[in-house]
2 protein chains.
Amino acid sequence: MSETQRSLPFSKIALIGAGLIGGSWALAIRAAYPQVQIQLYDSLEAHRLQAIEQGIVHATFDSLEQAVAHVDLIILAVPVGALPDLFSQLIPVMGPDTVMTDVGSTKQGVIESAKEALGAAFCHFVPGHPISGAEKSGPLAARADLFKDKRVVLTPVAETDLTALEKVKCLWELAGAEVHMLDAAQHDRVFAAVSHLPHLLSYALVEELASRPDADLIFSYAAGGFRDFTRIAASHPTMWRDISLANREALLKELDAYSLKLDELRSALAKGDGPALLTLFQRAQIARTNWSSGLN
Amino acid sequence: MSETQRSLPFSKIALIGAGLIGGSWALAIRAAYPQVQIQLYDSLEAHRLQAIEQGIVHATFDSLEQAVAHVDLIILAVPVGALPDLFSQLIPVMGPDTVMTDVGSTKQGVIESAKEALGAAFCHFVPGHPISGAEKSGPLAARADLFKDKRVVLTPVAETDLTALEKVKCLWELAGAEVHMLDAAQHDRVFAAVSHLPHLLSYALVEELASRPDADLIFSYAAGGFRDFTRIAASHPTMWRDISLANREALLKELDAYSLKLDELRSALAKGDGPALLTLFQRAQIARTNWSSGLN
């Protein structure tokens, strides 16, 4: 038995939700630690069948109670909007010491609802967010290397049990991820800026163009720049509705800061102010080039 | 001699500007028709040296007059902002029947300045715009297959000589492109929507984030969605300043339509209106998915 295998902190895991993230994490854990037992609860029969077919889990249940019986970890891999109800449903059926973690893209709201619903068990909940995804979703999109060399952010609070935190951290590292700790409020601000806002901006552009009478003509001339800019507009609408609502305050601030910048740009354009446009474009180009060169 | 080779309508071509587009077109023409002679005028010595080294042209000149002497086609592959001056400089040195074409991303302004500067020679100017590019620029980024199966839009006006138009069309087809005709005003509206606006939006996001005190932290958590959304913010700032100014009217209209859509989205978010957000995201997702499936 290798060092890696001996260090696995859980022997039986309940996966709640076999989407892209949950499915990929399960595949990665199984690849790193074949002895672990993973059982799935997913309300969709198609997901349960696909999860078995894809080798994502060992067993599936259509009852939450059965799926979480005798497990030492529960992975909540559902959209953030589904978490509050799920916490309430888990309390009567889960073991008192079972560690829980989530993969939600926002953290303050999740922590609040966990605190409210879980009571004494709240200390065993480790809030998490893997920085990895794709516009595809569902078990068929899951892959064992989705988190390899990607960041995972954990946002523990004062009450979080340090042993539970350490175990969840270890599990993500087994999946190949690099684990970072952030304060939950800081997490939500940062991701409103680099992830949630771009999704809104991309959705808005595509919807605005699609609503025009000559949308077909317009789209027929769209090329590579449009393709990349709008790739995230093909993301899961329900998931992004939930994320937007869950991170509403931070996202509104980002949207307002961005609108101010657009106003500045519009004003420079309306005045024909070439130097102002050039300065803005140059600053952006330098920052983007530095970022993609890995300088940040 | 093959059919393709016999059909080449020009024997000696002056390329003005050895950037990505001009360089790639020259490479494509030479690959399809090795007998053609292409000579370059570029004000940058580095570009002239690289164009020779990369096999893009046969000869280079640091004088416009020498480069255009005895050619039957002049390809103006410079940023749209440089075209008005170039037209004026060409008139005293070019042959009276020399065909000219450009590759500018906007067309109405280019046509106006060509009409003003060229006089009787205006009928030999064929306004063009290849729908292909990359965030890279310069002769080193040029490649012979850049236009393969890509669209090229030509926007002739009433005065345009039909033989000149047919010859330029033929040349683009030799480079592997699919040639479409559009009215210049319609061209500018369509490209303001699918290309120029996304560039502005992407530049604005990166510049706004880069200007913050905690920009390094923010960028360090940016991932795949951000990468794609902001790829075009690494585009050539001078070129995009020129395009923005040249297509100012259409671009301002697009910016305003987009800002209205963002206001609608902000209002739904501020009210916590999940159904409105979901509807907008779903419409965008469907349109984006249809577009990328090639249904448009």
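Below is a table of values for the structure above.
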{"quantity": "Calculated [θ] (222 nm, deg cm²/dmol) that DSSP helices of n ≥ 4 give over chain B, each run adding -39,500 (n - 2.57)", "calculated": "-15000 deg cm²/dmol"}
{"quantity": "Size of charge dipole - the protein assembly as shown - debye, nearest 20, with Cβ of Lys, Arg +1 and Asp, Glu -1, no other charges", "calculated": "600 debye"}
{"quantity": "Shielding of B:146-154 by partner chains, average beta-carbon count, 10 Å", "calculated": "1"}
{"quantity": "Identity and axial distance of the chain B residue whose Cβ lies nearest the axis relating B to A, Å", "calculated": "B:228, 2"}
{"quantity": "Ascending list, in nanometres, of distances separating the residue B:31 label from those of the other copies (7 Å, Cα toward Cβ)", "calculated": "3.6"}
{"quantity": "Peptide A:235-245 - average C-beta neighbours from other chains (10 Å radius)", "calculated": "6"}
{"quantity": "Charge dipole (segment B:192-237, unit charges on Cβ, about Cα centre) - positive-most of B:203, B:237, B:193", "calculated": "B:193"}
{"quantity": "Segment B:115-145 and segment A:134-200: distance between their alpha carbon centers, rounded to Å", "calculated": "46 Å"}
{"quantity": "Förster radius 56 Å - calculated FRET efficiency between residue A:263 and residue A:63, Cβ distance, rounded to 0.05", "calculated": "0.55"}
{"quantity": "Lys/Arg +1, Asp/Glu -1 at C-beta; chain B dipole; positive extreme among B:25, B:269, B:100", "calculated": "B:269"}
{"quantity": "Added length on full extension, which subtracts the Cα-Cα distance from 0.36 nm per residue, residue B:273 to residue B:35", "calculated": "79.2 nm"}
{"quantity": "Gaussian network model of chain B, Cα within-10 Å springs - most flexible of B:279, B:230, B:101", "calculated": "B:279"}
{"quantity": "Lys, Arg +1 and Asp, Glu -1 on Cβ, resulting dipole of chain B about Cα centre, debye, nearest 20", "calculated": "740 debye"}
{"quantity": "Among the listed pairs A:271/B:271; B:150/B:261; A:136/B:261, those beyond 29 Å (Cα-Cα)", "calculated": "A:271/B:271; B:150/B:261"}
{"quantity": "Nm distances between copies for residue B:89, ranked from closest, using label points 7 Å along Cα→Cβ", "calculated": "7.0"}
{"quantity": "Shielding by partners, peptide A:249-258 (average Cβ within 10 angstrom, other chains)", "calculated": "3"}
{"quantity": "For chain B, with +1 on Lys and Arg beta carbons and -1 on Asp and Glu, the positive-most of B:66, B:221, B:160 along the dipole", "calculated": "B:221"}
{"quantity": "Loop GluC sites (Glu not before Pro), segment A:225-287 (other Cβ atoms within 10 Å of the site Cβ: 11 or fewer; DSSP)", "calculated": "none"}
{"quantity": "Cβ-vector label at 7 Å, residue A:270, separations to other copies in nm", "calculated": "2.0"}
{"quantity": "Cβ crowding within 10 Å averaged over residues, with A:270-276, B:272-278 ranked highest first", "calculated": "B:272-278, A:270-276"}
{"quantity": "Cβ charges +1 (Lys, Arg) and -1 (Asp, Glu), total dipole of segment B:181-278, debye", "calculated": "100 debye"}
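Coordinate-derived values only; no laboratory data. The structure presented is a predicted model; accordingly, all values stated were derived computationally and were not measured. All Cβ positions, even for glycine, are placed from backbone atoms using ideal geometry, and neighbour counts span all protein chains on display.
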